[in-house]
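K.L.:
My structure is below; once you've seen it, I'll send some questions.
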Amino acid sequence: MHSSGIVARWMLVPSLLPLPMIDQIDLFAAAGAAEAAAGNFDIETIPTSSSVPILPGIYDDLETLTRHCNGCQRCGLAAGRTNVVVSRGNPQAPIMIVGEGPGQQEDEQGLPFVGKSGQLLEKILAAVRLDTEKDVYICNVVKCRPPNNRTPVADETAACKGYLLEQIRLVDPKIILMTGATAMKGLTGEKRGITKIRGQWMQWEGRLCMPILHPAYLLRNPSRDKGSPKWLMWQDIQAVKTKLDELRAAQ
Ligand code: URA
């Protein structure tokens, strides 16, 4: 389903075409949509350049998406990576966790959240009996490690975003958790500070989302006192588990 279905979805989601701020990427996207509709779009060109749009609905499966990510040259981060970091966990999971980008350990192993932050994330999930292999699918806003763990820049996030949107569509999670400001901003464009809106449920593209603090921030703030980052995370993860239980019960 690479042709008419894509265009229909594309047009049904007007927020994907920010007309007042139309720029070169949007023009390419419009061109890509027309090509896809005409059946001329070669999906294999996606990893070659960020000027090739990743149209909503273009991927039939995560395997093709992963193969493309593994050979991706859409942004400058490709030059410095050891491995592309696509995901870990269950592709049918009810919860998707979106982080910022791979660090050194993740780059070396090709898996997200396997370093110190990841170990803490595992403990946080385990505390409410969430199993990463079963209940969670983990990925990042960018799939290649930024040099010296710097925050990914807008061009890098934009080049990778279509992959993330397709992962969300294919995994179809009930709940998306965005860890930290970069994940929240990269996915939703939300510019309010993470400490202001963490723990709040929000709807994004018809999906239930919650911004939470990044585990790395918790590692830098070890206090467990009431109101501390760790205490706030404990409140938030309990709220997530309660919501998941409610959603499962309503099924
Ligand atoms: N931090 C992130 O945001 N993502 C990872 O995969 C690892 C650390």
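The values are calculated or read from the model by the stated rules, or taken from the named source; none is laboratory data. Everything numeric in this text was worked out from a predicted model, so none of it was measured. Here the Cβ positions follow ideal geometry from the backbone for every residue, glycine too, while neighbour counts run over all protein chains shown.
K.L.:
Anything in segment 144-165 that is farther than 25 Å from GLY199 by Cα and within 10 Å of the chain's Cα centre (by Cα)? List them, or say none.
P.N.:
CYS160, GLY162, TYR163
Condition check ((1) surrounded by 14 or more Cβ atoms within 10 Å (Cβ to Cβ); (2) in contact with a Phe, Trp or Tyr (Cβ under 9 Å, 6 or more places away or on another chain)) across all residues:
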{"residue": "THR157", "(1), (2)": "yes, no"}
{"residue": "ILE176", "(1), (2)": "yes, yes"}
{"residue": "LYS185", "(1), (2)": "yes, no"}
{"residue": "ARG192", "(1), (2)": "no, no"}
{"residue": "TYR217", "(1), (2)": "yes, no"}
{"residue": "TRP234", "(1), (2)": "yes, no"}
{"residue": "GLN238", "(1), (2)": "no, no"}
{"residue": "THR242", "(1), (2)": "no, no"}
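K.L.:
Does at least one position in segment 142-149 carry a residue that is among the hydrophobic types (A, V, I, L, M, F, W, C) and closer than 18 Å to GLY115 by Cβ?
P.N.:
Taking every residue of segment 142-149 in turn, at least one turns out to be among the hydrophobic types (A, V, I, L, M, F, W, C) and closer than 18 Å to GLY115 by Cβ.
K.L.:
For segment 65-112, which residues satisfy the criterion of being surrounded by fewer than 16 Cβ atoms within 10 Å (Cβ to Cβ) and β-branched (Val, Ile, Thr)?
P.N.:
THR82
K.L.:
Considering only helices (runs of 4 or more DSSP H) fully contained in segment 45-140, which possess at least 3 residues that are modelled with pLDDT of 95 or more and within 12 Å of the ligand (Cβ to nearest atom)?
P.N.:
104-109, 116-127
K.L.:
Follow-up. Is it the case that segment 33-42 has a residue that's modelled with pLDDT of 95 or more, in a loop (DSSP other than H, G, I, E, B), more than 21 Å from ASP172 (Cα to Cα) and within 17 Å of the chain's Cα centre (by Cα)?
P.N.:
No, that holds for no residue.
K.L.:
In segment 74-97, what count of residues is obtained for those that are under 19 Å from ASP172 (Cβ atoms) and touching a Ser or Thr at 6+ places or on another chain (Cβ under 7 Å)?
P.N.:
Number satisfying all stated conditions: 3.
K.L.:
Tell me, yes or no, whether segment 202-214 has at least one residue that is within 12 Å of the ligand (Cβ to nearest atom), in contact with a helix residue (DSSP H, G or I) (Cβ under 6 Å, 6 or more places away or on another chain) and either under 24 Å from GLY80 (Cβ atoms) or not β-branched (Val, Ile, Thr) (or both).
P.N.:
Among the residues of segment 202-214, at least one is within 12 Å of the ligand (Cβ to nearest atom), in contact with a helix residue (DSSP H, G or I) (Cβ under 6 Å, 6 or more places away or on another chain) and either under 24 Å from GLY80 (Cβ atoms) or not β-branched (Val, Ile, Thr) (or both), which makes the answer yes.
K.L.:
Considering only residues that are closer than 18 Å to MET202 by Cα and without any contact (Cβ under 8 Å) to a residue 24 or more places away in the chain, which ones fall in segment 213-244?
P.N.:
THR242, the sole residue that qualifies.
K.L.:
Check off (1) touching a residue at least 12 places away in the same chain (Cβ under 8 Å); (2) over 19 Å from MET210 (Cα atoms); (3) more than 15 Å from the ligand (Cβ to nearest atom) for ALA154 and give me the number that stays unchecked.
P.N.:
(1)
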